[in-house]
Amino acid sequence: MDKKIRVGLVYGGRSGEHDVSLQTALAVIQAFDHSKYEVYPFYITKQGEWRTGKALNGPVGNLQALISPEQPDASSPDKNDPSGIALMPLFASGGAAETAVTEAAEHPGTLDVIFPLLHGTYGEDGTLQGMLEMANIPYVGAGVLASAVGMDKVTMKKLFAQEGLPQCIYRHFTKAQWAKDQAFFLMEIEVAVGYPCFVKPANLGSSVGVSKASDREELLEAVQLAFKYDRKVIVEEYVSAREIEVGVLGNEEPEVSVAGEIVSSNDFYDYKAKYIDGKSAMIIPAELPEEKAQQIRELALRAFQAIDGSGLARVDFFLDKASGQVYINEINTMPGFTPFSMYPLLWKASGKTYPQLLDDLIRLAFQRHEDKNSIQYTFEEN
């Protein structure tokens, strides 16, 4: 029997989306074909401490097993012993960086691939990806640039504008700019964007810190809330629209899934509507004329390529109910990944099962790594 592919699963993290990451990790571990993969858990606490555990050769029972993985004991290989599985930094509470090593004496060597299941900052934003690039370790998903751009909504929107993708009106500012010239930005928002409007931290997802403001008082409160989660805030116009999403899968020749629609149980698709009340509906495939669905798929492909995406992404759109105009909202380079999340469901409706999706993502990670290593990084003058 061929050797199993050893996958390092990284989840949790210093992010407002920590709990969402745990749900994703639990679902992925349950869905892996454990006859093909040996999974090593890497839990990052909300304080940034890395915890490692022994190999998982089957599903785990609950979230508690994920946040308290069994620690290597005194019989584990020495941290400097190359026969152990050398992974990535483990930041102790005192701030000293050590090398995390799992107990794997029976399978000496290194991990084959890392599967980051981190949503939001310090994981989905290019930071972890940069570390893995430096270590020359294959990993699932977008690279450093695409991850960073996909996380920063302001930079993302500027890139989409350069690509000529249709977008809603927006304004943005940093905390320092807001403190210095609040009156100017209030005027800009009220004249250019208007009420109601949406206020968001520029670098976060899962609707954490997002508010809908209907007047100046609500706007001021919303801005202060958004600044709790980021130093940069974006304010977007409200459009009475249907929320349409598609999945993208691939590297140089990406595929696009069927389109799906979110019907929110709340005033807008906020954190509660996404993860708590369970009342929001997903309509897959979305009820759209074929030409409109095709237009959305084409725009999603252009957005994915504009940020130099790889592996996977979910691209979100607004479809104006009155005019039928399509606006791109954002691209998410590590979308929710439970069996009940939109991204896997879009691919299920497109003919790809959850385990097949995991297989494809691992394959694409190896493919991207091989392509990267085919490039010459040194120069010697003749």
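The values are calculated or read from the model by the stated rules, or taken from the named source; none is laboratory data. Note that this is a predicted model, so its numbers are computed, not measured. Note that we place each Cβ from the backbone using ideal geometry, even for glycine, and neighbour counts take in every protein chain shown. Side chains included, ligands, DNA and RNA excluded: accessible areas come from the protein's heavy atoms. Shrake-Rupley method; radii C 1.70, N 1.55, O 1.52, S 1.80 Å.
Put a dot 7 Å past the Cα of Lys54, heading toward its Cβ, do the same for Lys180, and the two dots end up 5.7 nm apart.
Each label point was placed 7 Å from the Cα along the Cα-to-Cβ direction; for Val191 and Phe379 their separation is 4.8 nm.
Measuring r between the beta carbons of Asn251 and Gln47 and using R0 = 25 Å, the FRET efficiency lands at 0.10. Bridging of Lys4 to lysines at a Cα separation below 19 Å is possible for Lys36, Lys54, once same-chain residues fewer than 8 apart are set aside.
Ordered from largest to smallest accessible area (heavy atoms of protein chains, 1.4 Å probe), the residues Lys180, Lys175, Lys232 come out as Lys180, Lys175, Lys232. Distance between the modelled labels on Gln64 and Ser240, one decimal in nanometres: 5.0 nm (7 Å Cα→Cβ projection).
Taking K and R as +1 and D and E as -1, what net charge do the other residues with C-beta under 14 Å from the C-beta of Ala179 add up to? Please report the intermediate quantities before stating the final value.
Numbers: positive: Lys175, Lys180, Arg231, Lys232; negative: Asp181.
Computed value for this residue: +3.
Can you list which of the GluC sites (Glu not before Pro) found in region 135-224 are DSSP loop residues with at most 10 other C-beta atoms within 10 Å? Passing both the DSSP loop test and the Cβ count: no residue. Taking packing as the residue-averaged number of other Cβ atoms within 10 angstrom, the listed peptides 222-231, 333-342, 283-292 run from highest to lowest as 333-342, 222-231, 283-292. Length gained on full extension, Arg302 to Gln162, computed as 0.36 nm times the residue gap minus the Cα-Cα distance: 49.3 nm.
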